[in-house]
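Remarks on the structure that follows.
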C-alpha cells in the first residue's frame with residue numbers, strides 16, 4: 001500500500017484552545033477519519049531557535065519536543081494539513097511518501 005507520512009513537531013506543554021497541541025492534533029485526526037496517529041516525546045532536541053531541550057534539566061520541564069505522526073493516504077494528509085493551517089498557531093511539519101503494510105494478516 002502506498003501511503004503518506006504526515007509528521008508535526010511541537011513542544012510538550014504548548015497549547016491550542018486550552019488543549020495540549022499533541023492532544024489537539026490527535027483529536028482532529030480522529031474527527032477527520034484518519035486511521036491512527038502517534039505522539040512521541042523526545043528525550044532531547046532543538047529547532048529553528050537553536051535551543052537544545054533535554055530531559056535532564058529540571059528547569060526545562062515541559063519544553064521537550066513532541067513528534068505527532070500519521071500514516072494515511074494523500075487525501076487524509078491533505079484534510080489534516082488543511083485543518084491545522086486554519087489555526088493561528090504555527091506548527092512545523094514534514095510530509096513524505098511511505099510504503100506501509102502488515103507483515104501478516106491482522
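Since every read-out is calculated from the coordinates, none of them should be taken as a lab result. Everything quoted here is computed from the prediction, not taken from an experiment. Every residue, glycine as well, gets a Cβ built from its backbone with ideal geometry; the counts of neighbours run over all protein chains shown.
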(request) Going by C-beta contacts inside 10 Å, put 25, 89, 64 in order with the fewest on the left. (result) 89, 64, 25
(message) So if each residue of separation counts as 0.36 nm, and I subtract the Cα-Cα distance between residue 74 and residue 14, what length gain in nm does that give?
(response) 18.9 nm
(request) Please give, to one decimal in nm, the separation of the simple spin-label points placed at residue 27 and residue 67, each 7 Å out from Cα toward the Cβ. (result) 2.5
